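Undergrad: Below are the structure tokens for one structure; questions will follow.
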Amino acid sequence: MRSNRFLAVAAITATAALGLAACSGTTAADQSADAGASAEGYPITIESALGTATLTEKPERVATVNWANHEVPLALGVVPVGMAAANFGDDDGDGLLPWVSERLEELGAETPVLFDETDGIDFEAVADTNPDVILAAYSGLTQEDFDTLSEIAPVVAYPDAPWSTSWRDVIEVNAAGMGMAAEGEQLVADIEDEIAASVAEYPQLEGKSTMFLTHIDPADLSEVSFYTSNDTRSAFFEDLGLATPKSVQEASASGEFSGTVSAEQVDTFEDVDLIVTYGDGDLVATLEGDPLLSQMPAVRNGAIVALDGSGPLGTAANPTPLAISWVLDDYLALLAEAADKVQ
């Protein structure tokens with residue numbers, strides 16, 4: 001269930017604005033102008049874990065920083081004035097992931113200014129785009145980053161913790177920061193409908209317990225690392241009809257995004273039906289040949305989905321507003337193929 005507490009803040013602020021307008025002594029012309037402003041619902045205040053963004057009018061120039069935030073305005077038909085260049089998963093080196101390129105083409109738009117974030121946020125480049133708002137609901141902004149960006153324009157940052165915002169809240173928070181809260185809610189509903197329709201075609205996925213193995217070193221399999229359900233990749237499994245193993249649930253209680261256990265404790269994962277990981281056939285063969293890890297039911301049954309972590313498909317396993325539709329059918333097919341091997 002998604003939270004609308006960010007929109008509630010905006011609604012409270014807008015209501016206060018209406019009350020102030022009603023109580024003020026103004027001329028007929030002023031009242032007409034106030035009515036127009038109030039109808040638009042401004043000012044809007046959006047709280048985040050790092051601070052407050054206050055919008056006095058609907059932003060016209062939208063900039064985004066960090067991963068995937070630009071996908072929200074693009075999905076809603078707004079082309080950012082600037083956005084972060086893709087720093088992984090970019091298979092042709094143009095700084096754009098394929099689903100972003102396709103959306104820009106659909107909108108008949110040129111590529112916006114691309115911020116090179118290899119060494120962190122390029123504050124000067126962001127400032128040069130003269131934005132009215134900076135979207136960063138899914139990001140790793142530090143307090144210093146937020147404060148510096150706020151000198152350029154209001155910053156809509158993550159509501160709780162860095163890199164933890166669900167795809168639903170990424171849409172709703174960023175859309176609210178564009179003055180398009182209703183459109184954001186509709187986009188979430190449309191994506192949910194699309195997911196539900198596609199998942200219905202793969203009944204074998206229902207309830208299969210799935211974990212996302214990560215940081216596997218074929219030369220050292222003494223430890224097993226995995227993403228907890230606090231990571232968006234693992235959280236997405238439940239959208240796909242899959243279940244979170246009890247072992248992963250317990251590890252998620254700490255609030256960390258990943259966990260690690262010794263390979264000697266591999267029986268911890270007796271409840272895992274499917275494994276998703278980054279790698280290739282060689283990695284799968286390595287897991288199957290390991291005397292300890294091969295005891296995991298998912299490994300023993302070959303119920304493994306190995307994704308190319310440097311390519312678009314692997315990148316899209318981390319759900320983002322445009323990537324979900326782009327990857328959904330292919331991802332479900334791979335998961336279903338693995339689910340068919342579960343005994």
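Values in this text are rule-based calculations from the coordinates and carry no lab data. Nothing here was measured: the structure is a model prediction, and the numbers come from that model. As a convention, Cβ positions derive from the backbone with ideal geometry for all residues, glycine included, and neighbour counts pool all protein chains shown.
Undergrad: Give me the lysines in straight-line cross-link reach of residue 246: C-alpha distance below 27 Å, same-chain residues under 8 apart excluded.
TA: The qualifying lysines are 208, 341.
Undergrad: In bins 10 Å wide, starting from 0, what share of all Cα pairs of the range 203-339 does each bin hold, as a percent?
TA: Per 10 Å bin, starting at 0, the Cα pair percentages come out as 12, 48, 35, 5, 0.
Undergrad: Please work out the C-alpha center-to-center distance from the range 277-343 to the range 247-264 and express it in whole Å.
TA: Comparing the Cα centres of the range 277-343 and the range 247-264, I get a distance of 19 Å.
Undergrad: Which one, 210, 296, 278, projects farthest toward the positive side of the charge dipole computed for the range 203-339 from Cβ point charges (K/R +1, D/E -1)?
TA: So the residue we want is 210.
Undergrad: How long are the three semi-axes of the equivalent ellipsoid for the range 47-197, computed from the Cα gyration tensor as the root of 5 times each eigenvalue, in whole Å, largest first?
TA: With the √(5λ) rule applied to the range 47-197, the semi-axes are 21, 19, 15 Å.
Undergrad: Roughly how many nanometres apart are two label points built 7 Å out from the Cα toward the Cβ at residue 249 and residue 288?
TA: 3.1
Undergrad: Roughly how big is the range 203-339's charge dipole about its Cα centre, with Cβ charges of +1 (Lys, Arg) and -1 (Asp, Glu), in debye to the nearest 20?
TA: Numbers: 4 positive and 22 negative charges, 54 e Å.
With Lys and Arg at +1 and Asp and Glu at -1, about 260 debye.
Undergrad: Once the Cβ-Cβ distance between residue 125 and residue 56 is put in as r, and R0 is 35 Å, what FRET efficiency do you end up with, to the nearest 0.05?
TA: Numbers: r = 25 Å, r/R0 = 0.71.
Between residue 125 and residue 56 the formula returns 0.90.
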